[in-house]
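**Student:** Here it is: the structure, laid out below.
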Amino acid sequence: MTIRSNRDHAQHYRPRMTCLKKVEALVVEMQDAKSGVPASEQKLTITAIPHVMTGQDILAWIANKMKMDANEAQALGTMLVAYGYIYPLQNHKKLVLQPDGSFFRFQTPYFWPVQKYQAEDIDYAIYLAKRNMRKKGSLEVYEQERYNEFHKWLNPKWDFIVLQATEQYRANKQRQKADRVVFDCQERAYWIVQRPPPRAHSALDCMNRLVDPNDEKRTYDHYRRNTIYLMQAMARSRVKSTVSLGALVKYINTYKNHDPFLAPCAPSNPWLSEDDTYWEINLPTVEVPTKMRVERWSFSLMDLFNDPRGRKDFKLFLKKEFSGENMAFWEAAEDMVWGSAASMADQSQTIFKTFLAPGAPRWINIDGRTMGLTVKGLDHPHRYVLDAAQTHVFLLMKKDTFFRYLKSPVYKDMQKKAIVPALHNYNDAQVEANAKNRRPGTDPILIWQQMDTERKAADLAGKPVDISSIKNKIDRK
Amino acid sequence: MCDQTFVAITFGPCDNCTKTKPLMNIYLNNEAINYCSLCVELMACQGLEKGETVAKLKKETEALKVKLEVERAKLHDTELHKLAEKVEAVGQLNIKARRVLKGHANKVLCMDWCTDKRRLVSSSQDGKLIVWDAFTTNKEHAVSMPSTWVMACAYSPSGCAVAAGGLDNKCSVYPLSLDKNENLAAKRKPVAMHTNYVSHCTFTNSDLQVLTSSGDGTCALWDVESAQLLMSFHSHTADVLSLDMGPSETSNTFVSGGCDKKAKLWDMRSGQNVQSFETHESDINCVKFYPNGDAFATASDDASCRFYDLRADREVAVFTKDSVMFGASSVDFSMSGRLLFAGYNDYTVNIWDVLKAERVSILFGHENRVSRVRVSPDGSAFCSASWDNTLRVWA
């Protein structure tokens, strides 16, 4: 049978089916009499069924046409069967394409999955009733259960269902034996795909979308909103492709030695060697970091900040330079942005008193305009009130302090101290032995608690000393 | 906080109603002004004036769209694969499934890694949330959710809590405990409340805020302690299926993708939709930022994954192949950003070379569609969750 149809599969049809446009084009090609899959007539329990193909032939044709290897062709073939474009003749419930001599046929387009009308329950009930009529007891257990359920739920329409079933049964009887067998096979295959037996995976399963994006009528406010957005989008500053794409390529080049998929990680990738030393030596609370980790700190300020060990090192450097207030301010502002809503007011007051008020103990040096904006904003404290000041401080640290840090003795010292773990070279037997002794690792809650106590202790130590309380003790006269 | 930041006035007196609120910067008659979101909405919804018709407004919008494309094309002077010609090709990857995590009774819909690089949380259609130590394949916690189809789950940055949501229209946070036998379902804290299913949720940089996207077309930022809505993001015209927060330097922004085929970049401070990309031909199932925050990738039902550059404001690569015919459900980048792992509805995972837009490898093993692919925080492995009730960790 040759089918030369190819309809448009825009979003108008059922959701998630746009991919089937390509699939159907492929299926049409497969059925071409000259260049398609070779088909022949096969005898199956007394009747001769035309246009039957073997699994092997289908796979070979797909592999040849799409220039794939056997595994991929197998995967694609299985999808064709799972979606109902090809159906198996022998083991009709197993929707997989086997690379052997088992027989398959193409499904008629009437039964293809992307029809405008979904397979309704009523149609299924009619089909089951028809099968039941033909030979009592030909329904499988799960089909019988469903049939009984339909009888309960679709009771008002039952007369209609029985009527339709009888009509179809009668019409079928008038067909030729060969046609009848073929049609029965096709219909059975269709329903296996649309209403799979229990515990079978169905390829058609999906979450339906709530809104059909093509259905809605657009009102004027939708266009107004689009116009507002577009005007703002046009006024945005853009960057030349060479610059931005060049930056992407540069990023990849910088990090390629640190990517475990591209370069081996020292001492070994825990997933490959079953040895989690790699994670143990890279814990956030470790004393001496690895060389790779220290190298990553030099890539950008954000890489340094994201690593708690790196932050500790940076703070050490700042302490030596007596310029720790920028970092402390940045951290306090981050806490505010990501903090809970209830603590906003308190946090903003503390930050103001500690960093921004004239004569504050850890006064940060930012330009007048930013300071003015920030102080004014603190009248109505909200989580982004420190955004301008935070950005300014961050850029200061990034453009100046960071480079001095990288040249400083603190960093150079750390580079010397950093360990280079020896590569594990486990052979297969050792890997298996490791697999039996996998360590459970520390619970992240414990690590977090440890870091939290450390942070609180550091905060307390960093707090400016309250002179007045000490003065009271000294001044006793 | 990339080099392109400018001090935008994100909070202050609105130019129209003079109340102090979060501000969006928009352009009226080519003049930059700052309006609060309420004033912007009022402006959009005011009735049609004399001589204005819906058709005229539509024409105006279409004309602006064309102008925007022209503007974007002006700075387009090279293609990614041209720049990548000098870069050497990715060698042979020897990736195999190292762990198969079995335990769910139904389709696994979502998973997320913990920051300790070995634990992960997964949610499934049977209503269960399981926290695994993927390295030892032990199940550490199992929580029963009140509804089935738990489509979104996330691990908090501290590792002390997980969030999950789905068809119950809510996203709830469950604090984890060291005691394995404790009933975590009792400590459930409902945080987000949408008017339709929650498709994706994630914690922001701390445990105290959750960002969710929903089938009702909006994204929202919630405060965990008080379960209060902090900011909502409206612009999508259909279900929003996925979102991703920008990595640290740009963490005031996030990108979302939806059934209206658009991927949008949002400013979290003002709730404004800053950039929008509409080049896909079908629903966008997943969006993910590039590790440096200046680009992102999307996976869609039209069987392609696309790569967009935020600074150049355009699509720069399309990952597609004739033999890849089925929709992509999820994408993630490797640590350096060179490899893109994409899970598809034809039960496979394809690995693409981002620079050359070529497929490097294809992985088989799952017996049903792959619903989510996530690379571990240190990039040493990636996990794929599938509708065949299992999760596989590949390295």
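The values are calculated or read from the model by the stated rules, or taken from the named source; none is laboratory data. Keep in mind it's a predicted model, so treat the numbers as computed, not measured. Every residue, glycine as well, gets a Cβ built from its backbone with ideal geometry; the counts of neighbours run over all protein chains shown. Remember, those area values only see protein heavy atoms, side chains included, never the ligands or the DNA or RNA. Shrake-Rupley method; radii C 1.70, N 1.55, O 1.52, S 1.80 Å.
**Student:** Which of the residues belonging to region B:86-144 are out of contact with any strand residue (DSSP E or B) (no Cβ under 8 Å at 6 or more places or on another chain) and more than 29 Å from B:G337 (Cβ to Cβ)?
**Tutor:** B:D126, B:T136
**Student:** As an exercise: evaluate B:T78 against (1) of a type in the set (S, T, N, Q); (2) facing chain A (nearest Cβ under 8 Å); (3) in contact with a helix residue (DSSP H, G or I) (Cβ under 8 Å, 6 or more places away or on another chain); (4) open to solvent by 50 Å² or more (accessible area, probe 1.4 Å) and give the number of the one condition it does not meet.
**Tutor:** (4)
**Student:** Please indicate, with yes or no, whether at least one residue in region A:135-154 is modelled with pLDDT under 85, open to solvent by 50 Å² or more (accessible area, probe 1.4 Å), on the phi > 0 side of the Ramachandran plot and not hydroxyl-bearing (S, T, Y).
**Tutor:** yes
**Student:** Would you mind finding the one in A:S273, A:S340, A:S323 that is in contact with a His (Cβ under 6 Å, 6 or more places away or on another chain) and on the phi < 0 side of the Ramachandran plot? Talk me through it step by step, then tell me what you get.
**Tutor:** On the way: A:S340 fails: in contact with a His (Cβ under 6 Å, 6 or more places away or on another chain); A:S323 fails: in contact with a His (Cβ under 6 Å, 6 or more places away or on another chain).
Testing whether each residue is in contact with a His (Cβ under 6 Å, 6 or more places away or on another chain) and on the phi < 0 side of the Ramachandran plot leaves just A:S273.
**Student:** Right, another one. Scan region B:37-52 and report the pairs whose first residue is modelled with pLDDT under 75 and whose second residue is among the aliphatic types (A, V, I, L, M), with Cβ atoms within less than 9 Å and a gap of 6+ or a chain change.
**Tutor:** Going by the 9 Å Cβ cut-off, the qualifying pairs are B:L48/B:V54; B:L48/B:L57.
**Student:** Could you list, in sequence order, all residues of region B:11-45 that are more than 8 Å from chain A (Cβ to nearest Cβ), more than 18 Å from B:V274 (Cα to Cα) and outside any strand (DSSP E or B)?
**Tutor:** Scanning region B:11-45 gives B:C14, B:D15, B:N16, B:C17, B:T18, B:K19, B:N29, B:L42.
**Student:** Can you pull out every residue in region A:232-272 that is under 29 Å from A:E432 (Cβ atoms) and touching a Pro at 6+ places or on another chain (Cβ under 8 Å)? First the steps, then the outcome.
**Tutor:** Here is the first cut: in region A:232-272, the residues under 29 Å from A:E432 (Cβ atoms) are A:258-272.
A:A266, A:P267, A:N269, listed by residue number.
**Student:** Tell me the helices (runs of 4 or more DSSP H) entirely within region A:264-366 that contain at least 1 residues that are within 13 Å of another protein chain (Cβ to nearest Cβ), of a type in the set (A, V, I, L, M) and closer than 20 Å to A:A418 by Cα.
**Tutor:** Details: elements: A:270-273, A:277-280, A:291-297, A:301-306, A:308-321, A:325-337, A:344-351.
Counting at least 1 such residues, we get A:291-297, A:301-306.
**Student:** Still on this structure: Please verify whether region A:243-258 includes one or more residues that are within 7 Å of another protein chain (Cβ to nearest Cβ) and outside any helix (DSSP H, G or I). Can you show your working first?
**Tutor:** Of the residues in region A:243-258, the ones within 7 Å of another protein chain (Cβ to nearest Cβ) are A:244-249, A:251-252, A:255-256, A:258.
Keeping just the survivors that are outside any helix (DSSP H, G or I) gives none.
Looking through region A:243-258, none of the residues is within 7 Å of another protein chain (Cβ to nearest Cβ) and outside any helix (DSSP H, G or I).
**Student:** Right, something else. Checking A:A418 against (1) touching a strand residue (DSSP E or B) at 6+ places or on another chain (Cβ under 7 Å); (2) under 19 Å from A:R311 (Cβ atoms); (3) without any contact (Cβ under 8 Å) to a residue 12 or more places away in the chain, which test does it fail?
**Tutor:** Only one criterion in (1) touching a strand residue (DSSP E or B) at 6+ places or on another chain (Cβ under 7 Å); (2) under 19 Å from A:R311 (Cβ atoms); (3) without any contact (Cβ under 8 Å) to a residue 12 or more places away in the chain is unmet by A:A418, namely (3).
**Student:** Could you grab the pairs with beta carbons closer than 6 Å, sequence gap of 6+ or different chains, first residue in region A:22-51 and closer than 19 Å to B:S323 by Cβ, second one assigned to a helix (DSSP H, G or I)?
**Tutor:** That search, which allows pairs on different chains as well, returns A:G36/A:M30; A:V37/A:M30; A:V37/A:D57; A:V37/A:I58; A:V37/A:W61.
**Student:** For region A:409-442, which positions are aliphatic (A, V, I, L, M) and either within 14 Å of chain B (Cβ to nearest Cβ) or part of a helix (DSSP H, G or I) (or both)?
**Tutor:** Here is the first cut: in region A:409-442, the ones aliphatic (A, V, I, L, M) are A:410, A:414, A:418-420, A:422-423, A:429, A:431, A:433, A:435.
Of everything in region A:409-442, those that are aliphatic (A, V, I, L, M) and either within 14 Å of chain B (Cβ to nearest Cβ) or part of a helix (DSSP H, G or I) (or both) turn out to be A:V410, A:M414, A:A429, A:V431, A:A433, A:A435.
**Student:** Right, next: So which residues in region B:46-57 are aliphatic (A, V, I, L, M) and not in a loop (DSSP other than H, G, I, E, B), if there are any at all? Steps first, answer last, please.
**Tutor:** Step one: of region B:46-57, the residues aliphatic (A, V, I, L, M) are B:48, B:54-55, B:57.
Hits for region B:46-57 are B:V54, B:A55, B:L57.
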